[in-house]
Structure formats: structure tokens, C-alpha cells
Amino acid sequence: MSGKICRLLVLFFLLPNIILAESGEKLWLRYLPLDNAKVVDYTNAIRSLVVAGDDAVISAAAEEIQMAFNGLTGNDLRNVNRPGAGALLIGTPENRLIRDLELSSELEKCGEEGYIIRTFPVRNGQMTVIAANTSAGVLYGTFDLIRRMQTGESISKLEVNESPAFKIRVLNHWDNLNGTVERGYAGHSIWFNRPEDWSVRSAQYKYYARANASVGINGTVINNVNADPNVLTAEYIEKYARIADIFRPYNMKIYMSVNFASPAVIGGLENSDPFNPAVQQWWKDKAAEIYQSIPDFGGFLVKANSEGQPGPMDYGRTHKDGANMMAKALQPHNGIVMWRAFVYEPGDDERSVQAYNEFMPFDGEFEDNVIVQVKNGPVDFMPRESFSPLFGGMQKSPVMIEFQITQEYLGHSNHLAYLSTMWKEVLDAETFAKGVGSSVAKTTDGTLFNHELTAISAVSNIGRDINWTGHHFGQSNWYAFGRLAWDYDLLSEDIAEEWVKMTFVHDQKFVEPVVDIMMRSREAVVNYMNPLGLHHIMGWDHHFGPEPWTDIPGAREDWLPRYYHNASEFGIGFDRTTNGSNLVSQYHSPLNKIYNDPLLVPENLLLWFHHLPWNYRLQNGLKLWDAMVYKYYEGVEEARLFQNRWDRLEGYIDDRRFKEIQYKLKLQTTEAIWWRDACVLYFQTYSNLPIPAELERPVHDLDELKELKFDMKHHN
Ligand SMILES: CO[C@H]1[C@H](O)[C@@H](O)[C@H](O)O[C@@H]1C(=O)O
């Protein structure tokens, strides 16, 4: 073989690995050398490693700390058998070395996946201990210690007690078996229909598992909730089993979205009626078959009777009947059912009141291994919504939140929108379910209603893009979701700062402005897209770019943006008061009254709950029209500010990422102006009021914008 062909072949086989190794796939697990002072500090504290245990999870923890320590300090940790000065001891009380430390009363508070980290004085110095009840806890504790080093914190006197807020912390991928990703903006699926061979894919899956474990995510659903029935065939079960094998050392469980009609579609049964004994048996057999290959399989995620998906109602049964049937099939294997409450079918009910109306009657009637998965808002992952009234509404059955990491309605992967602030807004929101102190978080984490089964999920933004998420800052949302799922009391600023330091550099001259951009970013997006509680005025099918107008060929009547903003000569906004669709009454007192009153409702939800005249005076004295226009302009100014700030950060990080982000920020500003001009000019056709004199004029005209929309649609 000629040398040239040989080189080409080598390149062909190595290229995928080179791309994996070189690229942004390193996420926040870069482990780059720290400055000298830190290296000295850390090597003073830790020089050797004692691994008290030998299962796969503890071994993964040991491998990780070795890798991290080596990368960060340039030194290896010596593997030793006995702890002493400078040792890091990791393990569970199954091992005598941990038992001897008499930590049992502290470990009791850690639960299954929590951990403690302690500095102990020993002869000639001190040692560090990571102890937990299970190897999983040890793994999370190890990543905690690594994070401290990655962010430059002191590790010489550690007294850490941690346990997760939710038992199950899962990502939901909306990946189709043909490799496309619904609402995915980072390329095709990393799971399905990949041309690369298994060694390349498995290397990425291991990286994925490590990244998740590093933030405490302990499960993932790898296929779309609009589920292909074929995912339950032997071919896919085997595929899931192979992936589960890679996840296991990282304490990650695999789950599956299933299609309710599977027994009929792939099982050859007459129907999929949950009352049909043959259907029940089919699910039992299917569950048994899955557990045969994946003993720790997590369970099913189900979207039923929503947006055309099949479900129990096709047979005159209910959500309860459907969910319980599947739950019974999974019970012998300790699997769970995450049954979605996103039940959007156009009907008599206004969209925002539908989930509550359909699910409240079944409160307390689900099997113990069913948890109802509820989107954070009552409509659909808008840049801002009120929280879903099912939080604090449903009390007898466990409920879990579904957030969306992928930016379906927030500019796809073109816009920087750090979403921790949005999720905290929801988690911290007061439901008043049991008086003051009943935050959304507490209605779902088991504290308020004593549920054993607790969980939290988010729709992933991951694809085959070199940087995983399309926009480098998309990674921060994956990171932040994991951190909040573990501890929702963390501050968004702190999470952002950790991520920036781990992903880029420690220099405060870089960290501070970047964290500031992140902290302002979601509100900026809200302002240039959907201020004051406006929503769903984005392109009706692709959900990208502005489309407030009504003459949209092909769009369904109830999906027309006009339906949501209701702009007319009279005014703008969606009436969900007692005079309107009455969403307000699904909230506990006093929220129902607060939301019902335009004088009391928070300004940022004003047009979510109220339809008001253009010259309505806000609490701040501005007329509604002016207030709305100012918000749109403010959003654009913020995008410009992000761009300017970023320009000044050249040289702090590698050129490639700097330029890629710079390019995205330019796009964001351009698109923010597009949004602003489209909305302001369109709404102006109804308000007939001028844009305040001191503001610059729109740079587009309306007809041109309507055309632009169609170009962008094809572009996406
Ligand atoms: C997976 O389908 C999605 C659909 O693409 C999305 O536009 C809508 O917001 O929500 C659906 C859901 O959450 O089920």
C-alpha cells in the first residue's frame, strides 16, 4: 500500500477520535493546569489515594480524581492501601477504613446518594475523606472535590455535607430513531443512526456520562417523547443495554420514551386498550424482556393523548388507567413511569387550563411508581410563563418538573440565554399550597407532601455538534440544570461562575463580565421577544423568529400567534382572569386574586393574565404601549451590550471559541433587532401610537419582515 493511502486510511480512522479529543467536547471537564500557588496548596493537601472499595462506580471515581489531579496539578496521586498524612480516602462504610472513622451519624443524613467530605488530622499532617453510604455518593463527592479544585477553592479544611434535593435527576432527549432531533439545534442525535463505529460512539457516551455525573444527573431518556413504537423491539433494547453498560459506572440509569400504541403497532395485538388483558400482559412481558438485558433500567416516559400521540383516551379510558397499567408492568422490577401532563389537544379548554383540568381528578389515584411530569409553565416553555398550577395543586400524587434546556422558544442555538435564572424563578415561586413557604420546589421535592418518589427533568440541548450544544453557552444550561437538580438553593451567579471558571479561565477580568452577561441574558431575550407576559408570537411551526401576524399560510387557527397576543385596536394581552379563560382560579389564594387584578399582578406577567388597552397606565406611570416598546428596545440594547463586552475579552481564551461566540453574539443582536422591529411595527398597526421620540427608528419595514420570516424558516 502506498504511503499516501496509508496516511489517508490512518487519518480516516483517527479523525473522529481527533475531533472528539480536540473539540469542545471537553465541556467543563477540562482539567487544565492551575497556577503554581494552587498546585502547591493542593499537593500539600493531597498526594496519595486510598480507594476503599472495588466496584465499578468507585473505580470510576478513582479514575476521575487521578485524571483531574494529574491535569490540574501535573502530579499523579500515588495509589496506597493505608491512609496517612496527605491521603485522600474515598469509600463507603462497607469498608473498614471508613467504618473506623465513626461517621455513621453523619452518614445517616446523606441518604442514598449524598456524601460527606472531611479533613482529618493524622500523624504528621492531615488527610481528606470522601465518605458516603453508596458508591454513587462517593462518585458525587469526588466530583465535588474536583470542582473545588477546578474553581480554585481551598481544600485544606473541608467540612461538606451534601445530599440531592430530588431522587431522580434526568435529561430528556427528544431524539428520533432516524437520527433527527425534535427541537434540537446542535446537529443530529448522538444516540441514533450514527455512521461512526462503536468505539467512537462509546467514547462519547462515556464522556457524556462523566459530564452528567459531575453535576449529579443520574438518569437519561434518550429517545423522543413523540416515541417511535420500534424503540421497544429487540434491536433497540440491545442498543439501550449497550449504552446502559457505559452509564452504569457513572450511576446513570437509562429510561425510554414509549408509544402507547406499541402493543398494536409492533405487538400485533388488536388494540392497545389498557383494559385489555392481552395488552396488560404484553407490557409485562416487554418489561421483563427489557430488564433481562438492563437489570437497572429506569422506566418509561410517556406522552399520551397529546398533539396527536396515542393514549388511553383513544379507548375511552383515562390517564390514570394508562399510567397504572404501565406502572404495574414495571413494579416487579422497581421501574417507574413518568407520565407527562403536557396534554395539548385543541378542544374546548383554553390551552393553559387544560393540564390541570385533565389531571386534578386523578390526584392520589396513581400507582406508587407513577410520577406526573409537568412542564414548568401551563402553556409551553415560553421565555416567561406563570408556573403550572399543578405544582401545589396535585398533592396526593407525586409531581415532577420538566424544564427545557434546548432553546425551542429562546432563539435556538443562536442566542445566549443562561436559563438558571428562569428555572430558579420557577423553583422559588410561592404556590401558597400550604400557606407561605410552599415553593414550587417544595411541592415537588417531597418535603411538603411527603412523597418518596421525587424527580426533576429537562429537555436536552445536546447534539452531534463539536461543542455538543450548538452555542458554547448552551453547555452552561446543561451544567446549571444538573447543579439545580442537586441543590436548588444554589445561586445562579455562583453556578455561572463555577461554569465559566471550569470551561474557560479563572481570571476575574474575564469571569466577572461573562457572569454578568449570563445573569442578564434571559431577561434580555424576554424583552426583545415577549415582554410583559406576551408569549407564543414566534414562528408558528419552527418557533424561530418573530411572527405576530395572522396571515400565515397553513397555520392552524388555534396556533396562530394572534390567538395568544390578541392584539386589536382596543389593546393587547390574553385574558386569563375570572372573566376570561379563568386560569387564575387554578392557583391557591391569594395568588388567584393577585393574578386576577391588573394592579396586583407582577408586571412581567401582566399580559399573560390580562387584556388591556394600549393607553392603560402601568404602576410605573408609563402607558402600556410605551412600556412595551421600551422593553423591546431595552432587549436590543442588552444584546448590543453583550456583544461589546465580549469584544473586549479577546485574548483571555483560545481564539477559536472566542470567535465562535463573537459570531453568535453578532447574530443575537441582529435577530434581537429583527424581533423588536417585527413586534413593534406589527403591534403599531393596532395601537396607532408613535414610537417614543427619543428611541431610534426600526431598521426594517413590516412587509420586508414578513418575507424574512419565510427565508429564516427555510434556513432552519
Ligand atoms: C416533543 O414534542 C414537543 C413539540 O415539538 C413542541 O413544539 C411542543 O412545545 O411540545 C411538545 C412536547 O413537549 O411534547
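What three numbers, in Å, describe the spread of the alpha carbons of segment 650-705 along their principal axes, ordered from the longest?
49, 24, 13 Å, listed from the longest principal axis down.
Apply the Debye scattering formula to segment 437-541, with a single equal point scatterer on each alpha-carbon and no solvent, then give log10 I(q)/I(0) at q = 0.10, 0.11, 0.16, 0.18 Å⁻¹.
Scattering profile of segment 437-541, log10 relative to I(0): -0.41, -0.49, -0.97, -1.11.
Scaled to the compact-protein estimate 2.2 N^0.38 Å, what is the alpha-carbon radius of gyration of the chain, rounded to two decimal places?
0.98
Any lysines with Cα under 30 Å of the LYS328 Cα? List them, leaving off those in the same chain fewer than 8 positions away.
LYS167, LYS239, LYS253, LYS284, LYS286, LYS303, LYS320, LYS375, LYS396, LYS442
Carbon and sulfur: what percent of the chain's accessible surface (1.4 Å probe)? Walk me through the numbers on the way to the answer.
Numbers: 13360 of 26910 Å².
Roughly 50 percent of what the probe reaches on the chain is carbon or sulfur.
With the contact rule set at Cα under 8 Å and sequence spacing of 6 or more, what percent relative contact order holds for the chain?
For the chain, the relative contact order is 10 percent.
In Å², what does the accessible area per residue of the chain work out to with a 1.4 Å probe?
38
Run the quick spin-label model on ASP349 and LEU600: label points 7 Å from Cα toward the beta carbon, then report their separation in nm to one decimal.
Spacing of the two 7 Å Cα→Cβ label points: 2.5 nm.
Summing -39500 (n - 2.57) over the DSSP H runs of n ≥ 4 in the chain and dividing by its residue number, what mean residue ellipticity at 222 nm do you reach, to the nearest 500 deg cm²/dmol?
That comes out to -13000 deg cm²/dmol.
How much accessible area does ASP487 have with a 1.4 Å probe, in Å² rounded to the nearest 10?
Looks like 40 Å² after rounding.
Note down the magnitude of the dipole of the chain about its Cα centre, charges +1 on Lys and Arg C-beta and -1 on Asp and Glu C-beta and zero elsewhere, to the nearest 20 debye.
Using only the charged Cβ atoms, the result is roughly 1620 debye.
Which percent of Cα pairs goes in each bin when the distances of segment 319-425 are cut into 10 angstrom slices starting at zero?
Once binned at 10 Å, the Cα pair distances of segment 319-425 give 14, 40, 30, 14, 1.
Determine Rg/Rh for segment 359-517; Rg is computed over alpha-carbon atoms and Rh is the Kirkwood hydrodynamic estimate from the same atoms.
For segment 359-517, the value is 1.01.
In straight Cα distance, which aspartates and glutamates are under 19 Å from LYS109, not counting same-chain residues fewer than 8 positions off?
Leaving aside aspartates and glutamates fewer than 8 places away in the same chain, those within reach of LYS109 are GLU94, ASP100, ASP144, GLU159, GLU162, ASP445, GLU452, ASP487, ASP489.
Once the Cα atoms of segment 274-383 are picked out, what are the Rg and Dmax in Å?
When restricted to Cα atoms, segment 274-383 yields Rg and Dmax of 14.6, 45 Å.
Taking segment 36-162 as the region of interest, what is the percent of Cα-Cα pairs per 5 angstrom bin, listed from the shortest bin to the one with the maximum distance?
2, 12, 24, 27, 21, 10, 3, 0
Label points 7 Å out from Cα along the Cβ direction at ASN44 and ASN79: separation in nm?
Each label point lies 7 Å from its Cα, and together they span 3.0 nm.
What does the net charge come to around ASP273 if you take all other residues with beta carbon closer than 11 Å to its beta carbon, with K and R at +1 and D and E at -1?
Result for the neighbourhood of ASP273: -2.
Just to check, using Stokes-Einstein with a Kirkwood Rh over alpha carbon pairs, what's the diffusion coefficient of segment 537-667 at 10 °C and 1.306 mPa s in µm²/s?
The calculation lands on 90 µm²/s.
The values are calculated or read from the model by the stated rules, or taken from the named source; none is laboratory data. Everything numeric in this text was worked out from a predicted model, so none of it was measured. So basically every Cβ, Gly included, is an ideal-geometry build from the backbone, and we count neighbours across all protein chains shown. For the accessible areas, the whole protein counts, side chains as well, though only heavy atoms, and no ligand, DNA or RNA atoms are used. Shrake-Rupley method; radii C 1.70, N 1.55, O 1.52, S 1.80 Å.
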